[in-house]
Amino acid sequence: MSASRASVGGAKQSAGEEKVATDKRRLILDAAVRVFARQGFHACRVSDIADEAGVAYGLVYHYFASKHEILVTLFLERWNVMLELIREVDAEPIPVREKFGAIVSFIVDSYRHDPDLMKVIIVEVTRAANSFGQTHLGEIRAAYELIGDIVTDAQARGTLRAEIEPRFAAMAFYGAIEQLLTGWIFGLLPEGPEHFERAKWLVVETVCGGLEQPAAADVAPR
(Lines give C-alpha, C1' and ligand atoms only; values in the text may rest on other atoms or scores of the structure.)
Protein backbone atom coordinates (compact mmCIF):
# COMPACT_ATOMS: atom_id res chain seq x y z
CA MET A 1 0.00 0.00 0.00
CA SER A 2 1.34 3.41 -0.93
CA ALA A 3 2.08 5.98 1.75
CA SER A 4 -0.63 8.32 0.42
CA ARG A 5 -3.28 5.57 0.48
CA ALA A 6 -2.26 4.55 3.99
CA SER A 7 -2.53 8.16 5.04
CA VAL A 8 -6.07 8.44 3.66
CA GLY A 9 -7.07 5.23 5.38
CA GLY A 10 -5.62 6.45 8.64
CA ALA A 11 -7.52 9.73 8.34
CA LYS A 12 -10.79 7.88 7.76
CA GLN A 13 -10.15 5.64 10.75
CA SER A 14 -9.26 8.63 12.89
CA ALA A 15 -12.45 10.46 11.85
CA GLY A 16 -14.50 7.36 12.61
CA GLU A 17 -12.93 6.97 16.02
CA GLU A 18 -13.52 10.62 16.76
CA LYS A 19 -17.22 10.27 15.91
CA VAL A 20 -17.53 7.23 18.18
CA ALA A 21 -15.87 9.16 21.00
CA THR A 22 -18.16 12.15 20.44
CA ASP A 23 -21.25 9.91 20.43
CA LYS A 24 -20.17 8.11 23.61
CA ARG A 25 -19.49 11.42 25.34
CA ARG A 26 -22.90 12.75 24.32
CA LEU A 27 -24.55 9.54 25.49
CA ILE A 28 -23.02 9.99 28.93
CA LEU A 29 -23.99 13.67 29.12
CA ASP A 30 -27.60 12.95 28.14
CA ALA A 31 -27.78 10.16 30.70
CA ALA A 32 -26.37 12.48 33.36
CA VAL A 33 -29.10 15.02 32.68
CA ARG A 34 -31.77 12.42 33.38
CA VAL A 35 -30.03 11.16 36.52
CA PHE A 36 -29.34 14.64 37.92
CA ALA A 37 -32.95 15.69 37.27
CA ARG A 38 -34.37 12.52 38.80
CA GLN A 39 -32.10 11.98 41.80
CA GLY A 40 -30.38 15.31 42.31
CA PHE A 41 -26.71 16.01 41.69
CA HIS A 42 -25.51 15.35 45.24
CA ALA A 43 -27.55 12.18 45.75
CA CYS A 44 -26.43 10.34 42.63
CA ARG A 45 -23.21 8.45 41.90
CA VAL A 46 -21.10 8.11 38.79
CA SER A 47 -22.23 4.48 38.62
CA ASP A 48 -25.85 5.70 38.33
CA ILE A 49 -24.87 7.72 35.27
CA ALA A 50 -23.06 4.72 33.77
CA ASP A 51 -26.09 2.50 34.33
CA GLU A 52 -28.41 5.09 32.78
CA ALA A 53 -26.14 5.38 29.74
CA GLY A 54 -25.69 1.62 29.45
CA VAL A 55 -21.90 1.88 29.51
CA ALA A 56 -19.15 0.53 31.71
CA TYR A 57 -18.40 2.48 34.90
CA GLY A 58 -14.84 3.14 33.80
CA LEU A 59 -15.93 4.65 30.48
CA VAL A 60 -17.49 7.60 32.27
CA TYR A 61 -14.11 8.38 33.84
CA HIS A 62 -12.48 8.02 30.44
CA TYR A 63 -14.34 11.15 29.30
CA PHE A 64 -14.92 13.00 32.58
CA ALA A 65 -12.83 13.28 35.73
CA SER A 66 -15.89 13.43 37.99
CA LYS A 67 -19.63 14.00 38.08
CA HIS A 68 -18.81 17.62 38.91
CA GLU A 69 -17.04 17.97 35.56
CA ILE A 70 -20.12 16.50 33.88
CA LEU A 71 -22.33 19.12 35.53
CA VAL A 72 -19.90 21.89 34.54
CA THR A 73 -19.97 20.68 30.94
CA LEU A 74 -23.77 20.56 30.82
CA PHE A 75 -24.09 24.02 32.30
CA LEU A 76 -21.48 25.70 30.12
CA GLU A 77 -22.81 24.10 26.93
CA ARG A 78 -26.29 25.52 27.41
CA TRP A 79 -25.32 28.76 29.12
CA ASN A 80 -22.86 29.72 26.37
CA VAL A 81 -25.54 29.08 23.74
CA MET A 82 -27.82 31.47 25.62
CA LEU A 83 -25.12 34.12 25.95
CA GLU A 84 -24.43 33.94 22.23
CA LEU A 85 -28.15 34.25 21.51
CA ILE A 86 -28.36 37.39 23.66
CA ARG A 87 -25.39 38.92 21.84
CA GLU A 88 -26.94 38.17 18.46
CA VAL A 89 -30.30 39.63 19.51
CA ASP A 90 -28.65 42.75 20.90
CA ALA A 91 -26.85 43.31 17.58
CA GLU A 92 -30.12 43.32 15.63
CA PRO A 93 -31.74 46.70 14.81
CA ILE A 94 -35.08 45.82 16.41
CA PRO A 95 -37.14 47.41 19.22
CA VAL A 96 -36.19 46.53 22.78
CA ARG A 97 -39.48 44.68 23.31
CA GLU A 98 -38.60 42.36 20.43
CA LYS A 99 -35.15 41.80 21.88
CA PHE A 100 -36.58 40.83 25.25
CA GLY A 101 -39.20 38.71 23.51
CA ALA A 102 -36.56 36.77 21.57
CA ILE A 103 -34.57 36.06 24.73
CA VAL A 104 -37.64 34.95 26.68
CA SER A 105 -38.74 32.74 23.79
CA PHE A 106 -35.33 31.07 23.64
CA ILE A 107 -35.35 30.24 27.36
CA VAL A 108 -38.96 29.09 27.51
CA ASP A 109 -38.56 26.99 24.36
CA SER A 110 -35.40 25.49 25.85
CA TYR A 111 -37.51 24.30 28.78
CA ARG A 112 -40.21 22.96 26.47
CA HIS A 113 -37.70 20.91 24.48
CA ASP A 114 -35.52 19.70 27.37
CA PRO A 115 -37.16 20.27 30.78
CA ASP A 116 -34.72 17.95 32.56
CA LEU A 117 -31.70 19.96 31.43
CA MET A 118 -33.31 23.24 32.45
CA LYS A 119 -34.21 21.73 35.82
CA VAL A 120 -30.57 20.75 36.35
CA ILE A 121 -29.33 24.23 35.41
CA ILE A 122 -31.84 26.04 37.63
CA VAL A 123 -31.76 23.75 40.67
CA GLU A 124 -28.15 22.56 40.67
CA VAL A 125 -26.37 25.64 39.28
CA THR A 126 -28.00 29.06 39.34
CA ARG A 127 -29.77 28.45 42.67
CA ALA A 128 -26.76 26.72 44.25
CA ALA A 129 -25.06 29.98 45.17
CA ASN A 130 -23.13 28.47 48.08
CA SER A 131 -21.68 25.57 46.11
CA PHE A 132 -21.55 25.06 42.35
CA GLY A 133 -23.00 28.42 41.41
CA GLN A 134 -20.38 30.25 43.48
CA THR A 135 -17.59 29.01 41.21
CA HIS A 136 -19.40 30.10 38.06
CA LEU A 137 -20.59 33.54 39.04
CA GLY A 138 -18.65 35.00 36.12
CA GLU A 139 -20.72 33.10 33.56
CA ILE A 140 -23.96 33.78 35.44
CA ARG A 141 -23.12 37.48 35.80
CA ALA A 142 -22.38 37.72 32.07
CA ALA A 143 -26.05 37.10 31.30
CA TYR A 144 -27.13 39.95 33.57
CA GLU A 145 -24.55 42.26 32.06
CA LEU A 146 -25.63 41.51 28.50
CA ILE A 147 -29.27 42.16 29.33
CA GLY A 148 -28.19 45.29 31.20
CA ASP A 149 -26.44 46.47 28.04
CA ILE A 150 -29.70 46.13 26.13
CA VAL A 151 -31.44 48.25 28.77
CA THR A 152 -28.66 50.86 28.73
CA ASP A 153 -28.87 51.21 24.96
CA ALA A 154 -32.66 51.57 25.06
CA GLN A 155 -32.34 54.20 27.79
CA ALA A 156 -29.90 56.14 25.65
CA ARG A 157 -32.44 56.06 22.83
CA GLY A 158 -35.14 57.35 25.17
CA THR A 159 -37.22 54.17 24.96
CA LEU A 160 -36.77 53.04 28.56
CA ARG A 161 -36.84 55.12 31.73
CA ALA A 162 -33.39 56.39 32.67
CA GLU A 163 -34.03 56.33 36.43
CA ILE A 164 -34.20 52.51 36.54
CA GLU A 165 -30.71 51.07 36.98
CA PRO A 166 -29.86 48.69 34.10
CA ARG A 167 -28.47 46.08 36.49
CA PHE A 168 -31.69 46.06 38.51
CA ALA A 169 -33.77 45.88 35.33
CA ALA A 170 -31.69 42.90 34.17
CA MET A 171 -32.19 41.16 37.52
CA ALA A 172 -35.94 41.75 37.35
CA PHE A 173 -36.07 40.42 33.78
CA TYR A 174 -34.07 37.28 34.44
CA GLY A 175 -35.67 36.79 37.85
CA ALA A 176 -39.14 36.72 36.28
CA ILE A 177 -38.02 34.07 33.81
CA GLU A 178 -36.32 31.99 36.52
CA GLN A 179 -39.45 32.05 38.68
CA LEU A 180 -41.51 30.83 35.73
CA LEU A 181 -39.09 27.95 35.14
CA THR A 182 -39.13 27.13 38.85
CA GLY A 183 -42.91 27.06 38.81
CA TRP A 184 -42.94 24.58 35.93
CA ILE A 185 -40.11 22.48 37.36
CA PHE A 186 -41.92 21.97 40.68
CA GLY A 187 -45.40 21.68 39.19
CA LEU A 188 -46.63 24.98 40.62
CA LEU A 189 -47.70 26.41 37.26
CA PRO A 190 -49.71 24.78 34.46
CA GLU A 191 -47.82 23.72 31.36
CA GLY A 192 -48.84 23.43 27.73
CA PRO A 193 -48.40 25.40 24.50
CA GLU A 194 -50.87 28.12 25.44
CA HIS A 195 -49.34 28.57 28.90
CA PHE A 196 -45.81 28.76 27.51
CA GLU A 197 -46.79 31.36 24.93
CA ARG A 198 -48.70 33.45 27.46
CA ALA A 199 -45.73 33.28 29.84
CA LYS A 200 -43.49 34.80 27.16
CA TRP A 201 -45.94 37.68 26.73
CA LEU A 202 -46.35 38.18 30.49
CA VAL A 203 -42.62 38.54 31.11
CA VAL A 204 -42.13 41.06 28.30
CA GLU A 205 -45.28 42.98 29.16
CA THR A 206 -44.51 43.09 32.88
CA VAL A 207 -40.85 44.09 32.57
CA CYS A 208 -41.17 46.45 29.61
CA GLY A 209 -44.39 47.91 30.98
CA GLY A 210 -42.47 49.00 34.05
CA LEU A 211 -39.41 50.19 32.18
CA GLU A 212 -40.83 52.02 29.19
CA GLN A 213 -41.20 55.75 29.06
CA PRO A 214 -44.85 56.74 29.48
CA ALA A 215 -46.54 58.18 26.41
CA ALA A 216 -46.73 61.97 26.39
CA ALA A 217 -50.50 61.86 26.80
CA ASP A 218 -50.14 59.69 29.93
CA VAL A 219 -47.81 62.09 31.74
CA ALA A 220 -49.66 64.09 34.37
CA PRO A 221 -49.07 67.85 34.11
CA ARG A 222 -47.01 69.36 36.91
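The values are calculated or read from the model by the stated rules, or taken from the named source; none is laboratory data. Everything quoted here is computed from the prediction, not taken from an experiment. All Cβ positions, even for glycine, are placed from backbone atoms using ideal geometry, and neighbour counts span all protein chains on display. Protein only, heavy atoms only, side chains kept; ligands, DNA and RNA dropped before computing areas. Shrake-Rupley method; radii C 1.70, N 1.55, O 1.52, S 1.80 Å.
Table: residues versus (1) outside any helix (DSSP H, G or I); (2) at pLDDT below 95.
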position	(1), (2)
Leu85	no, no
Ala102	no, no
Ile121	no, yes
Ala129	yes, yes
Gly158	yes, yes
Ile164	yes, yes
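Could you identify the single residue in Val81, Val60 that is open to solvent by less than 40 Å² (accessible area, probe 1.4 Å) and at pLDDT 95 or above? Walk me through how you get there before you give the answer.
Working: Val81 fails: open to solvent by less than 40 Å² (accessible area, probe 1.4 Å).
None of the other options fit; the residue is Val60.
Kindly indicate whether Ala154 is part of a helix (DSSP H, G or I), in contact (Cβ under 8 Å) with a residue 12 or more places away in the chain, under 20 Å from Ile103 (Cα atoms) and touching a Phe, Trp or Tyr at 6+ places or on another chain (Cβ under 9 Å).
On the way: part of a helix (DSSP H, G or I): yes; in contact (Cβ under 8 Å) with a residue 12 or more places away in the chain: yes; under 20 Å from Ile103 (Cα atoms): yes; touching a Phe, Trp or Tyr at 6+ places or on another chain (Cβ under 9 Å): no.
No.
Listed here are the residues, each with its yes/no results for (1) touching a helix residue (DSSP H, G or I) at 6+ places or on another chain (Cβ under 6 Å); (2) within 27 Å of Lys24 (Cα to Cα); (3) surrounded by 18 or more Cβ atoms within 10 Å (Cβ to Cβ).
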{"residue": "Glu88", "(1), (2), (3)": "no, no, no"}
{"residue": "Glu92", "(1), (2), (3)": "no, no, no"}
{"residue": "Val104", "(1), (2), (3)": "yes, no, yes"}
{"residue": "Asp114", "(1), (2), (3)": "no, yes, no"}
{"residue": "Arg141", "(1), (2), (3)": "no, no, no"}
{"residue": "Leu160", "(1), (2), (3)": "yes, no, yes"}
